[in-house]
Amino acid sequence: SRLGRLQRVSVRSTSAVQRYAEGDHDPIAVGRALGVDAILDGRIQTSEGRIRVTAQLVGARDGASLWTETFDNDASDIFVLQDAIAARVAKGLAPVLDGEELRPAARPTQSARAYESYLKGRYLWSKRTTEAVRASIECFKDAIEEDPNFALAHVGLADAYSIQAAPLAEPALRKALELDDSIGEAHASMGFYLMFHHWDLPTA
């Protein structure tokens, strides 16, 4: 998401790469399937409040490593870690970017625990099974309990409700928009809800 803000870099969507999230995959084969020049691969380890990310930028044509780096941070500084990795990738792409700057992103929440619960919720929600969506609801609720002003968590909760308890989705979306009406996810989810649950196509 951070790298996608650079005008001269095209980043594939999460849904496009979700199938490669688990297991070992050949970077060249993945690159060809996605039609990209490079793959950002990584491993994450957590231990006693610390988080270590080993990231590698791999050329999709020949599988050559363009760079590899390890990042160590306190687990509570997940957003600092994200900024550091994104900046390092951008630096690795410097010949392509030609001086384009990657500015730090606004933080969706100040709570690392809320953010972790939100990410788990999104991962479960993407599976779309009854059990996984039900589990995602609990994750989103945990994120909201940790940070009631975390707008994206309210959107996630609404998305899960849209699948299993539709009448509860709209209040969650209204709350998300009340907290931050600039996030595209809230508007997109509201459009989906109005279209498929109210058949209000013009408003959607």
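The values are calculated or read from the model by the stated rules, or taken from the named source; none is laboratory data. Predicted model only: the values in this text are computed from it and were never measured. Neighbour counts are summed over all protein chains in view; Cβ atoms, including those assigned to glycine, are modelled from backbone coordinates with ideal geometry. The protein model used for the area step is the full one, side chains on, heavy atoms only, and it has no ligands, DNA or RNA in it. Shrake-Rupley method; radii C 1.70, N 1.55, O 1.52, S 1.80 Å.
Some notes on this structure:
- Restricting attention to segment 162-187, the residues that are among the hydrophobic types (A, V, I, L, M, F, W, C) and under 13 Å from A151 (Cβ atoms) add up to 7.
- Criterion violated by A132 - all others in (1) in a helix (DSSP H, G or I); (2) touching a residue at least 12 places away in the same chain (Cβ under 8 Å); (3) over 17 Å from the mean Cα position of the chain (by Cα) satisfied: (2)
The rows are residues; the columns are (1) surrounded by fewer than 20 Cβ atoms within 10 Å (Cβ to Cβ); (2) under 20 Å from the mean Cα position of the chain (by Cα).
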{"position": "R103", "(1), (2)": "yes, yes"}
{"position": "A106", "(1), (2)": "yes, yes"}
{"position": "L119", "(1), (2)": "yes, yes"}
{"position": "C139", "(1), (2)": "no, yes"}
{"position": "L152", "(1), (2)": "no, yes"}
{"position": "V155", "(1), (2)": "no, yes"}
{"position": "A160", "(1), (2)": "no, yes"}
{"position": "A165", "(1), (2)": "yes, no"}
{"position": "S182", "(1), (2)": "yes, yes"}
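- Filtered residues of segment 32-86 (kept if among the charged types (D, E, K, R), in contact with a Pro (Cβ under 9 Å, 6 or more places away or on another chain) and over 22 Å from R107 (Cα atoms)): D41
- Restricting I51, I78 to those that are farther than 23 Å from D26 by Cβ, at pLDDT 85 or above and open to solvent by less than 60 Å² (accessible area, probe 1.4 Å) reduces the list to I51.
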